[in-house]
Amino acid sequence: MYLISVVVLLILAPVVSIVAEFVTGAVPPDLIGVIGKWMTFWAVGVRLFMAGVRQTAQPSFTAKDIFQIDDPRAGGLVREIGFGNLAMGLLGLASFLKPEWLVPAAIVGGLYYGLAGLGHVVKGERNAKENIAMLTDFLAFIVLAVFVVMRGRY
């Protein structure tokens, strides 16, 4: 289920949304802007918000299944991480309604994904879910970083 949700939220949903704008003729000439909008909405908004909900409501999943920590005391720490994910996720979701928040949401979300990816790298030994998280963290970081850099050029 984890792999499916990651693939849907980081690849499938953004691609479908971008294609839908082309099909409906609603695409502005700024392709990078459209990619940034949908990647920010899905990867930062929906994915981080959903992760935050799960981490605050069921911290043992992240502790046990992602980080392989089988200690109930880790729940408080994971819950705090969840609060951060909820905040970033809400910013990403709000950027859909407030376009002026799009670049700040992409910066915050992109930095989070980049740093999280590095965190997986320096950890060393990883399980399959951590490898998926690391690769998709870097994918999100790269797409969001390109968007932010390109957006700053005009």
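Across the range 1-46, Cα-Cα distances exceeding 12 Å account for 59% of all pairs.
Computed from point charges on the beta carbon alone (+1 for Lys and Arg, -1 for Asp and Glu), the dipole magnitude for the range 1-96 about its Cα centre is near 120 Debye.
Using Cβ point charges alone (K and R +1, D and E -1), the dipole size of the range 33-154 about the Cα centre works out to roughly 300 debye.
Counting only residues at least eight positions apart within a chain, or on another chain, the lysines with an alpha carbon under 28 Å from that of LYS98 are LYS37. The radius of gyration of the Cα set in the chain, together with its Dmax, comes out at 15.8, 52 angstrom.
The longest stretch of the chain left intact once loop-based trypsin sites (Lys or Arg not before Pro) with at most 12 other Cβ atoms within 10 Å are removed from consideration, loops following DSSP, is 74-152.
Surface exposure of the chain, expressed per residue as accessible area with a 1.4 Å probe, stands at 55 Å².
Note on the chain: with neighbouring protein chains present and a 1.4 Å probe, carbon and sulfur make up 74 percent of its accessible heavy-atom surface.
Over the chain, Cα pairs under 8 Å with separation of 6+ residues give a relative contact order of 26 percent.
Which of PHE67, VAL8, VAL34 sits closest to the plus end of the dipole of the chain, meaning its Cα is farthest towards the positive end, when Lys and Arg get +1 and Asp and Glu get -1 on the C-beta? In the chain, that residue is VAL34.
Against the main long axis of the alpha-carbon atoms of the chain, helix 74-97 sits at an angle near 10°.
The values are calculated or read from the model by the stated rules, or taken from the named source; none is laboratory data. The structure displayed is predicted, hence computed values, not measured ones. All Cβ positions, even for glycine, are placed from backbone atoms using ideal geometry, and neighbour counts span all protein chains on display. Note: areas computed on protein heavy atoms with side chains; ligands, DNA, RNA excluded. Shrake-Rupley method; radii C 1.70, N 1.55, O 1.52, S 1.80 Å.
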